[in-house]
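A short worksheet on the structure shown next.
The values are calculated or read from the model by the stated rules, or taken from the named source; none is laboratory data. Bear in mind the structure is a predicted one, so any value in this text is a computation, not a measurement. Here Cβ is always computed from backbone atoms with ideal geometry, including for glycine, and neighbour counts include all displayed protein chains.
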């Protein structure tokens, strides 16, 4: 039986097949889905005796590289946001060929693109593959991989380049998180690359690459495997919740931890109040809400991170969402429209007052 790891292998990466071959005396070769560009200005000589290498030696182009990029189902190995790939072939520091191609239209299921690098030099080459979030090699680099095959004259060589996520750090928040016994809260995992750019972790069914756990399930339990998980307060106390993301097939991981405090059951709760109650909002800027629990004995407690926030369906205009920390954000959109966004919260069986934000340009 194939293990779940190999069924959902290469999360945030393209499953890449290399078929490397040589064609003596020409730069052509067998079929393929298209021809890749070859760097101009590089001398080409007919096939024949090996050419000495060195700083001034010409590159003899006698080999052909058939390269196929597989686009797995978005809900499996391929990152949900990967929409293009760039393949570069280099000899030493010199790029001799490159190809950029986009995910086929409507390719939410498995599909493949193949193309032919013709007229490549025999000998060692470096093939670099990068998966991008936008078409035409734009946006964020989500995954990258390198293969160093040797193109052998008169022989067919097979190889494979496996992509690894570019994520180098992982954080979870909001932390510390406080929930009442019997109540729930939400934790979110965020990954960034070495330059600090956000790397999406929307891994779909390959959620085994992003693993959440609690060191005290009897205090706080965790449900889910995506970027956002539900944390439930089981009993009063403190627990450490961890998230771990596997970035490559070698098992390398990045991880983060956060503290969850579970408070005693809520008793004597009189009301729940959120603010701002009514606010004009030019430019559709984000809005931070606050939730205050008012108890029968007159005491109050900030429960902003413990309530369940909602944007009500009676809202009009630009779509908006509110996170677990009470931050309201609007979807990207054009200028000129007005929005009326209505928000409430639930905590300890109490529903808050209604809050409204009127956004305009």
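Number of residues in segment 298-322 that are surrounded by fewer than 16 Cβ atoms within 10 Å (Cβ to Cβ) and within 22 Å of the chain's Cα centre (by Cα): the value is 1.
Checked against (1) in contact (Cβ under 8 Å) with a residue 60 or more places away in the chain; (2) within 25 Å of residue 351 (Cβ to Cβ); (3) crowded, with 16+ Cβ neighbours inside 10 Å, residue 229 passes all but a single condition, namely (1). Summed over segment 272-290, the residues that are over 31 Å from the mean Cα position of the chain (by Cα) and under 27 Å from residue 237 (Cβ atoms) give a count of 1.
All told, residue 343 meets the bar of being more than 27 Å from the chain's Cα centre (by Cα) and in the same structural domain as residue 278 (by TED's automatic domain parsing). The single residue among 226, 251 that is part of a loop (DSSP other than H, G, I, E, B) and touching a strand residue (DSSP E or B) at 6+ places or on another chain (Cβ under 9 Å) turns out to be 226.
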